[in-house]
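Take a look at the structure set out below.
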Amino acid sequence: MSDILIEARNLSKEYIRGKQEVVMALNAIDLQIPRAKMVLVTGPSGSGKSTLLNVLSGLDMPTEGKVIYEDENIADWEEERLSKFRQENVGFIFQNWELIRTQTALENIECPLYPRKIKSKEIRMRAISLLKQVGLWDKVDNYPDELSGGEQQRIGIARALVGKPRIIFADEPTGNLDTDNAASIMRLLKSFTKRDTSILVVTHNEDLKRYADASHQLSNGRFV
Amino acid sequence: MGLYKLIVKSMVFSTRSRRRFFTFVLVFSILSGATIVMLSFFDSFSREGMLDHRGVVVKVRDPFSLTDRVSLEDAQTDLDITDGERLPGSEAVIFYKYVNFGPDLRIFSVNPQYQWGFSEIKPDNLIAGHYPSSDREVLVSEEVLLALSDTQDGLSIYTKPVVGTTLKLGVSEDATFDLRISGIFRKPDPSTVKSDDLEWIILTEDAFSIVVDGDHLDYRTFEIYIYSISVIASGDIFSGAAYDNVDALASQLNSLDSTDYNEPIYTRKENKDDSRNMTFLSLLFGIFGTFMVSTLYSYLITRFRRREVAVLKAMGYGKWDVRIVVLAEILVVSISGFLIGLLAIQLYVWNPASRDSAYFYLIAFSPTAFWSFIAVVLSCVPGFFIITFRTLSVRPIEIFKDR
Ligand SMILES: Nc1ncnc2c1ncn2[C@@H]1O[C@H](COP(=O)(O)OP(=O)(O)O)[C@@H](O)[C@H]1O
Ligand SMILES: [Mg+2]
């Protein structure tokens, strides 16, 4: 069994902006994400971090290069297969948390599992256990609007984990949090690598490097 | 299993965006209420307003002056048509019997299935209570005076009838037939309908037989005994088939007896066309409105919930999973709106204060409600397509765009 979970090989992504201008959001990127490790990619705004995350998770297609997962290039996969891949193997954490406002904290955590063939009881048990692990047991019935930013992001983390993913992609997970909250979110994320979950965090915040097992710096779509 | 769970959860969640939910449920309930009301105008026989579109009454002049007890069944055989027969183009042939009892009173029989089969007792004229539905109930006209007589002093006290009180019919103390007054009835205006000065009481056919054939009333003293036949034309008003049938039946029945006693009671087609067209326009408005609102609403929710859809797609929700989540909202909202509209109309119909007659109509389980429901569901079809295509176009990478 290889130690590498997902690997980007010679990955490029071009966008056409306006009429003619071509933007190289990613330029021949090579990146390996090992199992059960936290990898950090830093870079200033517009350096291509979000693009990297989109392409690695199969949300967007690369212009060139491969994304290798279990010896297959997911860039070749059909839409339906990619959904299934994300459903079973991927969790997302977003800068703005993106919790669903009409669902309680508990329901937000359960949400990714609703379409899946998993018994409601099992879903509830998993969600409750995660809610305890992120320390929000007392907010079980609260709606996102009733939670602070830090609390919402904890729910976001629990939601990303409920499907027992092999990898979590986090885009600026601490972007809207103060330093204390950011530190505790990073520690919480790091703690989940002990359960064989890999984590890719992209951020403009260099300070987060100390939580990561490996870090790369992105500038104008290239690693430096 | 995953599908069932997703549908149920999505339906629950779609009620949680409260302001949007309640606003649109209200809009839908008004529109589907309008559709139900309009459709019910087309619901032929169940609406009193339709009565004079559809009835043909044929009175047979005094065919039986009974001198002895002849059963009602014997009497009927002298006619060409029999009770319950179906003439071509008719829904039913109904026989009514009445007897003039003394100089003041006329007793009618009414078939509980066709309570207002002849024009004189159409529901417009009911002012309280309801038609008799059992052989222990009686409908009386307003003018009926219940006499409390004290023969010794030669005094009589008269009282107006009240729903719920007991009416005793009989010629002597020990041969009375007790009937509960189920409704009060306004005699038709003699200037519009041929009427008389008698007091009317209206019984079910069973009660009529008991009273007239039994020992309760000695009809031999009065012995005027006349049949009336109502023929209900079939066909629906909207397509015009009912008009043709009324005309056809009227000419068919003309041969029965002299023209004096053959009165097709229906308003001329030309006069009805106007109201029919107005009703049809309103119905179109109701259906078109529901259609427009559900389409607009579908468009709006795909906008309101766009970011949510992007998140769900990123999480690995498939095309259909996402559609179900959004479609659940429009279905829940339109169906709740429909049910509330229906309930409101039913309560309105039931509320005695708002009723202009005692005519009772259970709309909730009527074909009207069914067809309105179908109309509401069909009106969601364009919305369904809008949702199907617009959720498809949402790309999950939108969430990663800096806002
Ligand atoms: N859909 C798009 N169309 C055109 N240009 C894009 C698009 N998405 C991103 N870009 C450009 O690609 C570059 C990288 O963007 P992004 O990956 O969002 O950077 P980061 O997340 O590091 O801020 C930027 O110059 C951005 O303007
Ligand atoms: Mg970004």
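The values are calculated or read from the model by the stated rules, or taken from the named source; none is laboratory data. In this text the structure is predicted, and so the values were computed from the model without any measurement. Cβ coordinates were reconstructed from backbone atoms using ideal geometry, including for glycine residues, and neighbour counts include every protein chain displayed. The protein model used for the area step is the full one, side chains on, heavy atoms only, and it has no ligands, DNA or RNA in it. Shrake-Rupley method; radii C 1.70, N 1.55, O 1.52, S 1.80 Å.
Summary table
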item: From A:Thr63, A:Thr102, residue being more than 18 Å from the chain's Cα centre (by Cα), hydroxyl-bearing (Ser, Thr, Tyr) and away from ligand 1 (no atom under 14 Å from the Cβ); result: A:Thr102
item: Total residues in the stretch A:1-14, condition of a type outside the set (Val, Ile, Thr) and within 15 Å of A:Gly65 (Cβ to Cβ); result: 8
item: Members of the stretch A:28-53 found to be within 17 Å of A:Lys209 (Cβ to Cβ), in a strand (DSSP E or B) and more than 16 Å from ligand 2 (Cβ to nearest atom), listed by number; result: A:Leu31, A:Ile33, A:Pro34, A:Met38, A:Val39
item: Filter result (open to solvent by less than 30 Å² (accessible area, probe 1.4 Å) and more than 16 Å from ligand 2 (Cβ to nearest atom)) within the stretch A:178-210; result: A:Ala182, A:Ala183, A:Ser184, A:Ile185, A:Met186, A:Leu188, A:Leu189, A:Phe192, A:Thr193, A:Thr197, A:Ser198, A:Ile199
item: Of all residues in the stretch A:190-224 being under 14 Å from the mean Cα position of the chain (by Cα) and β-branched (Val, Ile, Thr), the one that is nearest to ligand 1 (Cβ to nearest atom); result: A:Val202
item: Residue within the stretch A:2-15 that is open to solvent by 70 Å² or more (accessible area, probe 1.4 Å), within 16 Å of ligand 2 (Cβ to nearest atom) and of a type outside the set (A, V, I, L, M) present; result: yes
item: Any chance A:Ile168 is more than 16 Å from ligand 2 (Cβ to nearest atom) and either open to solvent by 40 Å² or more (accessible area, probe 1.4 Å) or over 27 Å from A:Glu70 (Cα atoms) (or both); result: no
item: Residue pairs meeting the criteria (Cβ under 8 Å; at least 6 apart or on separate chains; first within 12 Å of another protein chain (Cβ to nearest Cβ) and of a type in the set (Asp, Glu), in the stretch B:380-403; second outside any helix (DSSP H, G or I) and within 16 Å of ligand 2 (Cβ to nearest atom)); result: B:Asp402/A:Ser45
item: Selection count, the stretch B:112-138, where residues are within 19 Å of the chain's Cα centre (by Cα) and either at pLDDT 75 or above or not assigned by TED's automatic domain parsing to the domain that holds B:Gly183 (or both); result: 9
item: Pairs with Cβ under 8 Å, 6+ apart, first in the stretch A:207-221 and more than 14 Å from A:Ile33 (Cβ to Cβ), second open to solvent by 20 Å² or more (accessible area, probe 1.4 Å) and outside any strand (DSSP E or B); result: A:Tyr211/A:Arg187; A:Tyr211/A:Lys190; A:Gln217/A:Val224; A:Leu218/A:Val224; A:Ser219/A:Pro44
item: The stretch A:43-57 - residue that is more than 6 Å from ligand 1 (Cβ to nearest atom) and closer than 24 Å to B:Met315 by Cα and, of those, nearest to the other protein chains (Cβ to nearest Cβ); result: A:Asn54
item: Among (1) within 14 Å of chain B (Cβ to nearest Cβ); (2) in contact with a helix residue (DSSP H, G or I) (Cβ under 7 Å, 6 or more places away or on another chain); (3) within 16 Å of ligand 2 (Cβ to nearest atom), the one test that A:Gly175 misses; result: (2)
item: Residues located in the stretch B:3-19, provided they are at the interface with chain A (Cβ under 7 Å from one of its Cβ atoms) and either of a type in the set (Val, Ile, Thr) or buried (at least 20 other Cβ atoms within 10 Å of the Cβ) (or both); result: B:Leu6, B:Lys9, B:Phe13
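Yes or no, residue by residue, for (1) more than 17 Å from A:Ser148 (Cα to Cα); (2) at pLDDT 95 or above:
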position	(1), (2)
A:Thr179	no, no
A:Ala183	no, no
A:Arg195	yes, no
A:Ala214	yes, yes
